[in-house]
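The values are calculated or read from the model by the stated rules, or taken from the named source; none is laboratory data. For clarity, every value in this text was computed on a predicted model and none was experimentally measured. Note that we place each Cβ from the backbone using ideal geometry, even for glycine, and neighbour counts take in every protein chain shown. Quick note on the areas: whole protein, heavy atoms, side chains included, nothing else; ligands and nucleic acids left out. Shrake-Rupley method; radii C 1.70, N 1.55, O 1.52, S 1.80 Å.
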Amino acid sequence: MAGSGSTTTQALIAENIDDYLTQHQYKSLLRFITCGSVDDGKSTLIGRLLYETHLVFEDHLAALEVDSAKVGTQGGDLDFALLLDGLSAEREQGITIDVAYRFFTTEHRKFIVADTPGHEQYTRNMVTGASTADVAIILVDARKGVLTQTRRHSYLVSLLGIKHVVVAINKMDLTDYSHEVFSSIQEEYTDFAARIGLEHVTFIPLSALRGDNIVEASANTPWYHGPTLLGFLETVPVDDDLAEQSFRMPVQWVNRPNLDFRGFSGRIVGGSIKPGDSIRVLPAGTTSTVDRIVTMDGDLDEAIAGQSVTITLTDEIDASRGDLICGSDDPAEVADQFEAHIVWMHEDAMLPGRPYLVKIGTRTVGATISQPKYRVDINTLDHLAATTLELNEIGVCNISLDRPIPFDAYDTNRDTGGFIVIDKLTNVTVGAGLLHFALRRSHNIHWQDVKVDKAARAVLNNHEPAVIWFTGLSGSGKSTIADIVESKLHAQGVRTYLLDGDNVRHGLNRDLGFTDADRVENIRRIAEVAALMVDAGLIVLVSFISPFRAERRLARDAVEVGEFIEVYVDTPIDVAEQRDPKGLYAKARRGELANFTGIDSPYEPPESAEVRVDTSTMTAEQAADEVLRALQDRAEKI
Amino acid sequence: MTEEIWMTATEAPALTASRLTHLQRLEAEAIHIMREAVSEAERPAMLYSMGKDSSVMLRLAVKAFHPSTAPFPLVHVDTMWKFQAMYAFRDATAAEHGLELIVHHNPECIEKNINPIDHGSALHTDMWKTEGLKQIVDERKFDVMFGGARRDEEKSRAKERVFSIRSPQHQWDPKRQRPELWQLYNGRRNKGETVRVFPISNWTELDVWQYIHLEQIPLVDLYFAKARPVVERDGTLIVVDDDRLRLEPGEVPEMRTVRFRTLGCYPITGAIESTADTLPRIIQEMLLATTSERQGRVADHDGISSLEKKKQEGHF
Ligand SMILES: Nc1nc2c(ncn2[C@@H]2O[C@H](COP(=O)(O)OP(=O)(O)O)[C@@H](O)[C@H]2O)c(=O)[nH]1
């Protein structure tokens with residue numbers, strides 16, 4: 001096999017495969033992340049680790065030689081970085097733009113490496129890679145020292161709670177393996193690490209390219225007495241404290257093969273459990289005792305953090321997916337409002353007050369996020385004022401859920417304190433968050449110290465505001481339908497208001513006539529009033545002929561996307577004219593009314609109304625139900 | 001590696017009862033992923049190809065839902081050109097586990113008699129497997145499909161998510177893949193979208209073999225060395241599995257002791273000469289081998305990013 005890896009292992013494999021397999025079977029698993037700026041040598045380092053641990057096969061190596069000669073940056077030498085490039089588009093751009101996972105194995109451990117780019121806009125990727133890492137390797141170019149990017153990566157590593165950090169001072173070959181250079185970087189970084197609360201930091205002088213201190217202690221750095229990089233990775237403790245923590249297991253799936261068996265399947269994320277232990281199911285708070293720990297390989301006497309099991313209880317208690325089973329002596333907290341760090345991961349900025357979904361453990365709940373209390377400048381660590389969070393921004397916000405959930409502070413347990421934010425419309429993961437603590441008033445439903453805004457009102461009203469805009473010919477049935485819709489909403493406890501020609505024309509718009517300019521002003525005022533009422537939290541029903549697309553567009557634009565439901569009451573003109581409830585068509589036909597829509601003024605039908613109803617084929621009641629259904633769909637979508 | 005480090009090797013991994021081995025963790029992770037996917041799915045299914053990865057997947061599925069039966073069918077998108085031993089193994093395995101087995105044949109391929117000998121491996125694989133898979137997913141309205149792909153198989157796979165979102169046209173778009181943090185997978189789908197779920201993403205080839213060894217998972221015997229009738233074509237050893245393989249003039253099958261590192265359609269899957277007839281010996285051979293696993297697949301030889309292209313087209 002290729003590579004300069006251990007001949008001892010090779011010999012063992014060749015001579016006694018059974019012993020090798022036994023040894024390999026008991027290896028532990030370590031996950032780490034590498035962070036560095038572009039060109040610090042990350043790819044070279046990982047490529048080197050794969051090579052040294054002989055994960056590079058001869059056919060790959062042959063390809064590497066060809067590629068190195070063709071596109072490598074190392075003259076004739078092997079360019080290890082080329083081992084890693086993945087997607088072809090990225091390869092052409094010469095940068096890696098996503099998180100890639102690599103694997104290698106040594107005598108002691110299996111390693112999973114999250115390879116994330118150092119590029120400015122990719123906080124998202126680094127946070128993703130860091131979320132599962134036990135160790136972070138932060139690369140520093142010896143010639144450049146601690147840079148802004150180094151600080152940024154370190155901050156993210158500390159935010160995500162990675163306990164062990166290696167500062168790999170790379171390219172020592174280009175600074176003559178200078179002890180002074182190494183020490184001054186170490187000193188500068190140590191100060192900074194203390195500021196951001198990184199505890200265990202190990203400094204290692206490296207040359208990823210030449211292989212110094214990667215696997216073997218380098219003769220070029222006689223002044224260095226610490227571990228080699230691989231030596232460190234092989235011996236650093238993994239998950240040492242997780243099994244010591246309080247017992248936590250989110251219920252993933254209720255296992256009911258038949259009436260006699262009812263088990264709760266899940267992966268233990270903290271502590272350990274034995275039959276006979278008393279547990280508490282949250283958020284309900286029900287208590288019971290563990291009867292069996294069931295696996296296909298037989299019942300277990302004990303199960304620990306990291307294992308996937310099925311637990312049965314001695315009592316018939318109700319628990320379902322999303323519940324958290326805890327040790328009864330130290331259960332998680334339950335609350336519905338929190339302070340959290342939010343990392344935004346999507347091009348569409350976070351919208352304070354907008355309903356999102358939050359998935360924590362195995363539970364998905366509705367959530368709204370407040371305006372950030374502040375945003376963190378990840379380069380300077382300064383707290384900045386912010387009204388929203390853009391892609392790759394991190395801020396501290398209050399978050400309010402539509403029901404109470406069990407949780408621990410993220411610092412205590414990543415799996416019961418970390419969550420993702422999902423957009424309700426697109427189902428895309430748009431953010432991630434770390435819970436810190438429950439707000440004290442959490443058991444009240446409302447936030448008391450947030451600014452009273454639209455979101456706060458929506459929480460109070462228990463529904464989102466909206467404009468339902470009925471457009472159509474005179475006599476098409478707009479007002480009749482709007483009336484029915486309003487009564488039904490009212491009966492459901494929804495706060496509504498109906499704006500129509502009568503109550504507006506006679507008051508607010510008394511000064512307006514029917515010239516073109518006045519018509520536009522008429523609509524403008526109605527749109528503004530509707531928008532204010534939406535801000536006040538109401539569902540506003542507007543019943544106006546509003547014949548022109550431009551004016552309806554104006555009304556739509558006055559409120560937020562998703563808040564405007566256009567209802568096209570599409571009744572043929574002959575039907576409307578026949579009804580003529582106010583005798584207006586007759587007047588217009590007689591020439592007594594100028595600019596009458598449908599007679600001597602055009603009606604521009606909507607092109608993409610949310611709802612279209614035809615009162616010549618359905619009753620007003622049916623039409624109203626159509627409208628209510630659209631409103632309901634929208635509530636489910638946002 | 002130096003002597004000092006070898007010394008620490010013998011001292012270091014003093015295994016406490018409270019620490020899991022890498023395989024225990026990988027197993028627990030895969031089970032967690034399967035349960036998450038099933039819980040968020042309406043119509044899940046598992047792709048089953050009789051290979052070693054499929055065999056591990058099936059074992060994990062059985063474990064994940066025990067004592068219940070795994071709540072999904074096995075789907076085999078067949079090409080008609082697998083080894084006979086694979087078909088026998090497939091039917092026996094599904095029956096043994098009491099799982100529904102859905103076998104799909106692309107009707108267009110049957111009609112046009114698409115085969116690897118006349119049409120070449122690329123077209124054959126594309127039509128039977130890539131198109132066939134889309135057909136059965138659409139026909140049965142599966143929303144979650146489990147697959148046994150691993151990130152270590154190919155460079156472009158290293159970035160694949162565990163939950164991989166496919167458009168209603170089965171397209172894979174790198175831009176639309178969702179970040180996966182902690183153990184939180186987002187399995188929500190828009191209308192028409194499907195999710196391919198890869199529970200053994202973080203396993204390597206060695207992990208798979210070792211797990212099979214430890215768990216004593218039955219495998220198709222083609223993985224084990226045995227005397228088989230072989231012809232050699234362009235340096236590739238082809239086992240003559242039935243009389244559909246048209247022999248060239250002068251070609252006479254000879255008995256050679258061979259096995260397979262990877263299983264596919266028999267006319268396009270190269271065997272290797274080997275005497276490894278037990279799992280430890282197979283693992284030994286693999287560890288001492290000098291070429292990567294997928295080399296045996298004729299289908300993969302068409303360019304660096306062929307796998308990536310296939311993925312975008314909706315292949316696994
Ligand atoms: N002299 C020297 N060059 C290095 C070292 N590590 C990486 N490089 C070179 O620095 C450049 C950037 O390395 P690369 O691994 O692609 O950086 P990445 O952007 O962090 O992945 C390449 O030309 C490498 O060959 C090192 O230790 N010494």
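Starting from the Cα gyration tensor of segment A:226-367, take the square roots of the eigenvalues, sort them a ≥ b ≥ c, and report rounded, prolate or oblate (rounded when a/c is under 1.5, otherwise prolate if a/b is larger than b/c, else oblate).
Verdict is oblate for segment A:226-367.
Given a 1.4 Å probe, how much area per residue of the protein assembly as shown is accessible, in Å²?
40 Å²
Straight-line reach only, C-alpha to C-alpha below 15 angstrom: list the aspartates and glutamates that A:Lys144 could link to, leaving out same-chain residues fewer than 8 apart.
List returned: A:Asp39, A:Asp40, A:Asp173, A:Asp176, A:Glu180, A:Glu187, A:Glu188.
Given A:Lys424/B:Lys159; B:Lys82/B:Lys112; A:Lys488/A:Lys587; A:Lys424/A:Lys488; B:Lys63/B:Lys226; A:Lys110/A:Lys359, which pairs have Cα atoms separated by over 24 Å?
Beyond 24 Å: A:Lys424/B:Lys159; A:Lys488/A:Lys587; A:Lys424/A:Lys488; B:Lys63/B:Lys226; A:Lys110/A:Lys359.
If each DSSP helix of 4+ residues adds -39,500 (n - 2.57) and the sum is divided by the residues in chain A, what number results at 222 nm, nearest 500 deg cm²/dmol?
Here the helix-only value at 222 nm equals -8500 deg cm²/dmol.
Return the long-range amide H neighbours of A:Val430 (sequence gap of 5 or more, or a different chain), with a cut-off of under 5 Å between placed amide H atoms.
When sequence neighbours closer than 5 places are left aside, the close amide H contacts are A:Val421, A:Ile422, A:Asp423.
For chain A, with all protein chains present and a 1.4 Å probe, just round the carbon and sulfur fraction of the accessible area to a whole percent.
49 percent
Using only the Cα atoms of the protein assembly as shown, build the gyration tensor, take square roots of its eigenvalues as a ≥ b ≥ c, and label the shape rounded, prolate or oblate: rounded if a/c is under 1.5, else prolate if a/b is larger than b/c, else oblate.
Prolate, since a/c reaches 1.5 and a/b exceeds b/c.
How much accessible surface area, in Å² rounded to 10, belongs to the heavy atoms of A:Ile468 with a 1.4 Å probe?
Only protein atoms counted, so the area is about 0 Å².
Give the shape of chain B as rounded, prolate or oblate, defined through the alpha-carbon gyration tensor: a ≥ b ≥ c are the square roots of its eigenvalues, a/c under 1.5 means rounded, and otherwise the shape is prolate if a/b is larger than b/c and oblate if not.
Cα axes put chain B in the oblate bin.
Round to the nearest 10 and report in Å² the accessible area of A:Lys582, as given by a 1.4 Å probe over the protein chains' heavy atoms.
Accessible area, nearest 10 Å²: 150 Å².
Can you return the aspartates and glutamates within cross-link range of B:Lys141? Criterion is Cα-Cα under 13 Å, with same-chain partners fewer than 8 residues away left out.
List returned: B:Glu42, B:Glu193.
Could you report the buried accessible area between A and B, both sides summed, computed with a 1.4 Å probe and given in Å² to the nearest 100?
That pair of chains buries around 7800 Å² in total.
If only Cα atoms are counted, what is the Rg of segment A:317-460, and what is its Dmax, in Å?
Cα only, segment A:317-460: 14.9, 51 Å (Rg, Dmax).
A:Glu604 accessible area, nearest 10 Å², 1.4 Å probe?
60 Å²
Which value, in debye to the nearest 20, describes the size of the charge dipole of chain B about its Cα centre when Lys and Arg Cβ atoms bear +1, Asp and Glu Cβ atoms bear -1, and nothing else is charged?
Taking the Cα centre of chain B as origin, the dipole is about 980 debye.
Ranked by accessible surface with a 1.4 Å probe, highest first, in what order do A:Met296, B:Met255, A:Met345 come?
So, going from the largest accessible area down, we get B:Met255, A:Met296, A:Met345.
Report in % the part of the accessible area of segment B:92-236 that belongs to carbon and sulfur, leaving out ligands and nucleic acids; probe 1.4 Å.
So the carbon and sulfur contribution to the accessible surface is 48 percent.
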